[in-house]
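Colleague: Input: one structure, supplied below.
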């Protein structure tokens, strides 16, 4: 006989069951990497910051998406600064 699953088990918008202790450090790492991207290897640290921020967002941290945006802006600013200084 097939197992019955409730609608809650199949809801794609339900918050994932993740330990809260691993959410916030990812968001903080994304903020730090985004700030670092302005002055040091913007492409590498910016992408890593965005990955950390999106991971925190998917795990349910409310700072996940803002930290992703900070990392993206830091990466763009760092690439622009690198272009201007490299001339």
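Colleague: In whole percent, what relative contact order does the stretch 20-85 give with Cα contacts below 8 Å and a gap of six or more residues?
Modeller: 39 percent
Colleague: For a footprinting-style exposure proxy, rank 84, 41 by other Cβ within 10 Å, fewest first.
Modeller: Ascending number of Cβ neighbours within 10 Å: 84, 41.
Colleague: Further question: Can I get the semi-axes of the stretch 20-85's equivalent ellipsoid? Compute them from the C-alpha gyration tensor as square roots of 5 times the eigenvalues, in angstrom, largest first.
Modeller: Whole-Å semi-axes of the equivalent ellipsoid: 23, 8, 7.
Coordinate-derived values only; no laboratory data. Note that the structure is a prediction, hence the values are computed from the model and not measured. A quick note on method: Cβ atoms are made from the backbone with ideal geometry, for glycine too, and the neighbour counts reach across all protein chains shown.
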